Amino acid sequence: MDSTAASVTPAVYGESDRPPRGDYSRGGTVLADYTCPQDWASYTAADHDTYRRLYERQAAQLPGLACDAFIAALPSLGVKDRIPHFDEINERLYKATRWEVVAVPGLIPEVPFFTLLANRKFPVTDWIRTPEEFDYIVEPDVFHDLFGHVPMLFDPAFADYVQRYGQGGLKAHAQEACEKLARLYWYTVEFGLIRQPEGLRAYGAGILSSVGELRHAVQSAAPLRLPLDLPRAMRTRYKIDSYQSTYFVIESFAQLFDLTAPDFTPLYQMLAAQSDIEAGAKLPGESNA
């Protein structure tokens with residue numbers, strides 16, 4: 001397969017004061033679908049230590065805040081004291097849900113992203129943040145993608161939802177509706193909450209991989225929390241460099257899968273005639289879920 005161009009402008013719909021980063025040259029090793037080999041040998045001892053410290057800190061925050069499915073699957077990532085080999089994870093992940101993780105150099109454009117998801121391949125940024133970014137990073141790095149996203153892919157219902165999202169993304173691209181669909185990804189896969197018998201819990205990767213946002217999303221009285229409604233979520237703006245001011249709550253992963261079963265074409269047509277909603281804005285009649 002041919003290599004890509006050395007530069008790319010990934011689609012980023014959330015608001016941020018900083019541009020995304022990523023080395024897309026890699027000496028010609030980045031393929032046309034934006035995947036590349038995980039250059040595991042290039043990780044330094046400091047890189048592995050950063051991963052270890054991030055893992056230990058975040059794992060300690062999970063009880064009472066992360067959903068049961070995530071906590072049950074987290075050990076499937078394997079080693080905690082170093083950045084894992086993706087191949088090692090794939091041995092377990094493929095057996096569980098027929099998914100695989102693939103390395104990418106950073107954020108990638110819409111069509112390659114959707115295509116990978118539609119084929120049950122999850123793109124994982126393979127570089128890790130610097131020590132100065134230990135507490136907060138805007139761009140997804142290997143810790144965010146592995147720790148935040150991959151455990152949920154061991155859950156069959158959620159894994160099927162992510163594949164369906166990729167398939168829907170390809171259709172949305174053809175209908176110029178990707179920004180609307182990106183908001184659904186943001187408010188589910190990245191920043192979703194689920195109601196369990198014992199209370200609200202996080203399942204979104206952006207929450208689960210953030211030491212500060214995990215408690216903010218589940219326990220703080222500040223954000224607006226609403227039952228997941230597709231039109232409402234797709235109309236709602238978001239910021240990518242601050243805690244969220246709006247979260248959407250589901251009752252089960254089966255509900256999430258069923259919500260995405262219908263053809264979104266009529267929904268996109270309806271949304272085209274409606275205005276966006278600012279993050280944190282409460283509409284008349286809305287109350288916290």
Loop GluC sites (Glu not before Pro), segment 105-176, which have at most 16 other Cβ atoms in a 10 Å radius of their Cβ (DSSP): Glu176
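Do any chymotrypsin sites (Phe, Trp or Tyr not before Pro) in segment 58-146 lie in a loop, going by DSSP, with at most 14 other beta-carbon atoms within 10 Å of their beta carbon, and if so which?
Details: sites: Phe70, Phe86, Tyr94, Trp99, Phe113, Phe114, Trp127, Phe134, Tyr136, Phe143; in loops: Trp99, Trp127, Phe134, Tyr136.
Taking segment 58-146 and a limit of 14 other Cβ atoms within 10 Å, the loop chymotrypsin sites (Phe, Trp or Tyr not before Pro) found are Phe134, Tyr136.
Quick one: which of Lys80/Lys121; Lys121/Lys282; Lys95/Lys282; Lys121/Lys239 span more than 32 angstrom between C-alpha atoms?
Lys121/Lys282; Lys95/Lys282
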Trp127 long-range amide H proximity, modeled H, under 5 Å: Val142
Overall form of segment 64-213 per C-alpha gyration tensor (a/c, 1.5; a/b vs b/c): rounded
Computed over the chain: relative contact order in percent, which uses C-alpha pairs under 8 Å that are six or more apart: 19 percent
Inter-part distance where segment 38-79 and segment 108-158 are each reduced to a Cα centre, Å: 13 Å
Top of Pro223, Pro84, Pro131 by mean-square fluctuation, Gaussian network on the chain, Cα under 10 Å: Pro131
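So what is the relative contact order for segment 179-287, in percent, with contacts set as C-alpha pairs under 8 Å and at least six apart? Write out the running numbers ahead of the final one.
Numbers: 146 pairs, mean separation 32.3, N = 109.
After rounding, I find 30 percent.
When the dipole is taken about the Cα centre of the chain, and only Lys, Arg (+1) and Asp, Glu (-1) are charged at their Cβ, what size is it in debye, to the nearest 20?
Numbers: 27 positive and 38 negative charges, 111 e Å.
My answer is approximately 540 debye.
Bear in mind these aren't lab numbers, they're just calculated from the coordinates by the rules spelled out. Quantities reported herein were computed from a predicted structural model and do not represent experimental measurements. As a convention, Cβ positions derive from the backbone with ideal geometry for all residues, glycine included, and neighbour counts pool all protein chains shown.
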